[in-house]
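Everything below concerns the one structure shown next.
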Amino acid sequence: METVILAVVIAVVVLGALGGLIVGSRRRKPLPPPPPQAPDITAPPAEPHVGDEAETPRDEPRRTIEEVDLPGGPAPVVVEEPPVVEAPGIEIPEPTAGRLVRLRTRLSRSQNALGKGLLTLLSREHLDEDTWEEIEDTLLTADVGVQPTQELVERLRERVRVLGTRTPEELRALLREELLKLIGTDVDRTVRTEPEDRKPGIVMVVGVNGTGKTTTTGKLARVLVADGRSVVLGAADTFRAAAADQLQTWGERVGAYTVRGPEAGDPASVAFDAVKEGKEMGVDVVLIDTAGRLHTKTGLMDELGKVKRVVEKHAPLDEVLLVLDATTGQNGLVQARVFAEVVDITGIVLTKLDGTAKGGIVVAVQRELGVPVKLVGLGEGADDLAPFEPEAFVDALIGE
């Protein structure tokens with residue numbers, strides 16, 4: 001019995017001791033770690049400059065927080081405004097009056113083959129048969145043509161025989177007179193753009209690719225604007241890439257409106273719309289640039305005839321100008337024949353008449369078609385298209 005009581009007492013004592021330990025451990029709180037001591041920060045010395053390594057460090061200027069650019073949000077997007085495209089300025093074309101006279105220097109570059117050659121031969125003391133054959137050869141080489149050459153030589157033979165002694169001045173006057181007869185001075189060379197009973201005048205420009213047809217149409221617009229006329233351009237050459245752009249550029253330079261259609265579209269519909277637009281705008285002249293189709297393709301030539309018929313549903317054509325390259329010689333005459341069979345050619349424009357061109361083509365093409373040369377192109381400049389003046393032309397050929 002005593003043993004039991006002793007065991008109970010020991011158990012109580014042990015339990016009490018354990019409970020005290022637990023309570024004591026809960027009440028005991030860990031001490032916080034001591035605060036770290038801030039280290040003394042010493043500013044780095046200023047970088048020494050040349051020659052002052054031993055100098056006492058100086059205070060460098062410091063920026064405040066307001067002066068420091070802090071990184072913020074995304075950088076603002078700068079929207080660039082599209083560049084302003086200025087409309088091309090309207091040019092003032094050179095007046096057409098006397099333009100061929102002003103361009104005489106360029107025209108006279110072709111005088112060596114014709115004018116000076118004839119004067120040299122006619123100035124020989126004895127004009128025998130060999131000399132007259134040389135004169136014929138000179139005329140043929142200058143693309144005058146067989147029939148006109150024979151006529152001119154016969155008249156020169158007769159005049160020289162009657163004249164007898166010949167001075168250089170007399171020979172020049174004689175040759176000038178005969179060449180003017182051959183070219184013709186009594187022919188109306190006006191480009192008809194002013195019908196009496198209606199507006200606008202309608203001009204169609206035809207020709208083979210490479211003759212300068214579209215360029216000639218643009219230059220003709222400048223000629224008309226220079227004479228105080230208002231113009232609408234019809235870009236009916238829908239088969240050649242950039243032809244409409246080229247014509248529109250010419251029109252914008254002189255303030256002429258251009259009617260155009262889709263590439264490879266119907267040329268007749270473009271021509272029809274151009275005339276319709278010209279009538280609604282009340283302009284003086286509508287110029288229609290047709291495709292520079294190959295003259296050997298019958299289908300394409302039929303298309304040209306269609307353009308003419310469609311345009312004439314509005315009004316008759318006042319002028320059909322055929323553009324020929326003066327340097328092509330007899331090939332140009334072949335082209336002229338084929339075009340004349342499709343449309344009624346009323347006038348001829350000779351381009352590239354300066355440089356190596358042979359002036360006799362003027363005579364030959366007029367004889368071939370029975371229509372006059374009305375305009376000549378004498379260079380690449382915008383104002384190098386001039387009304388054809390026989391007197392100025394002959395004077396340039398034979399010199400002063």
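The values are calculated or read from the model by the stated rules, or taken from the named source; none is laboratory data. Just so it is clear, the model here is predicted, and its values are computed rather than measured. Note that each Cβ is placed from the backbone with ideal geometry, even for glycine, and that neighbours are counted across all protein chains shown. Just the protein is used for accessible areas: all its heavy atoms, side chains included, with ligands, DNA and RNA removed. Shrake-Rupley method; radii C 1.70, N 1.55, O 1.52, S 1.80 Å.
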Quiz item: Under a point-charge model restricted to the Cβ atoms of Lys and Arg (+1) and Asp and Glu (-1), what is the dipole moment magnitude of segment 266-400 relative to its Cα centre, in debye to the nearest 20?
Solution: 660 debye
Exercise. Calculate the all-directions average of the projected area of segment 166-270's alpha-carbon convex hull, and give it in nm².
Key: 10.1 nm²
Quiz item: Which whole-number value in Å² is the accessible area per residue of segment 272-400, probe 1.4 Å?
Solution: 36 Å²
Quiz item: If we count every other residue with Cβ under 9 angstrom of THR211's Cβ, Lys/Arg +1 and Asp/Glu -1, where does the sum land?
Solution: +1
Quiz item: What do the square roots of 5 times the Cα gyration tensor eigenvalues come to for segment 193-341, in whole Å, largest first, as semi-axes of the equivalent ellipsoid?
Solution: 23, 16, 15
Practice problem: In debye, nearest 20, what is the charge dipole magnitude of segment 208-266 about its Cα centre with +1 on Lys and Arg Cβ and -1 on Asp and Glu Cβ, if you could check? | Solution: 220 debye
Quiz item: Counting pairs of alpha carbon atoms under 8 Å apart in space and at least six apart in sequence, what relative contact order in percent does segment 223-334 give?
Solution: 27 percent
Quiz item: Relative contact order (percent) for segment 219-287, with alpha-carbon contacts under 8 angstrom and 6 or more residues of separation?
Solution: 41 percent
Exercise. Please go through segment 195-239 and write out the trypsin sites (Lys or Arg not before Pro) that DSSP classes as loop and that have at most 16 other C-beta atoms within 10 Å.
Key: ARG198
Quiz item: What length, rounded to one decimal in nm, is gained on full extension from THR249 through to THR3, with 0.36 nm per residue of separation minus their alpha-carbon distance?
Solution: 75.4 nm
Self-check item: Most to least accessible of ARG176, ARG260 (protein chains only, probe 1.4 Å)
Solution: ARG260, ARG176
Quiz prompt | Net charge of Cβ neighbours under 9 Å - reference ARG192; Lys, Arg +1; Asp, Glu -1 | solution = -4
Quiz item: Spin-label point model (7 Å from Cα, Cβ direction): what's the GLU391 to ASP128 distance in nm?
Solution: 4.1 nm
Practice problem: Quick one: which residues, 5 or more positions from THR290 or on another chain, have an amide H under 5 Å from its amide H? H modelled 1.01 Å from N in the peptide plane, none for Pro or chain starts. | Solution: VAL205
Quiz item: Hey, with R₀ at 35 Å, roughly what FRET efficiency would ASP188 and ASP302 work out to, going by the Cβ-Cβ distance, to 0.05?
Solution: 0.70
Quiz prompt | Low-density loop cleavage sites - GluC sites (Glu not before Pro) in segment 200-289, where at most 16 other Cβ are within 10 Å (DSSP) | solution = GLU263
Practice problem: Working from the alpha-carbon coordinates of segment 340-400, get Rg over Rh, Rh being the Kirkwood radius. | Solution: 0.98
Practice problem: Between beta-carbons, use under 10 Å as the cut-off and find the net charge around LEU114, counting Lys and Arg +1, Asp and Glu -1. | Solution: +1
Self-check item: Relative contact order for segment 310-356, counting Cα pairs under 8 Å that sit 6 or more residues apart, in percent
Solution: 49 percent
Quiz prompt | Placed amide H near TYR257: partners under 5 Å, 5+ positions off or other chain | solution = VAL231, LEU233
Quiz item: Sorting VAL191, VAL9, VAL342, VAL349 by accessible area (1.4 Å probe), largest first, what list results?
Solution: VAL9, VAL342, VAL191, VAL349
Quiz prompt | VAL146/ALA340 FRET efficiency (R0 22 Å; Cβ-Cβ; nearest 0.05) | solution = 0.70
Quiz prompt | Full-extension gain in nm, MET281 to ARG198, via 0.36 nm per residue minus C-alpha separation | solution = 28.5 nm
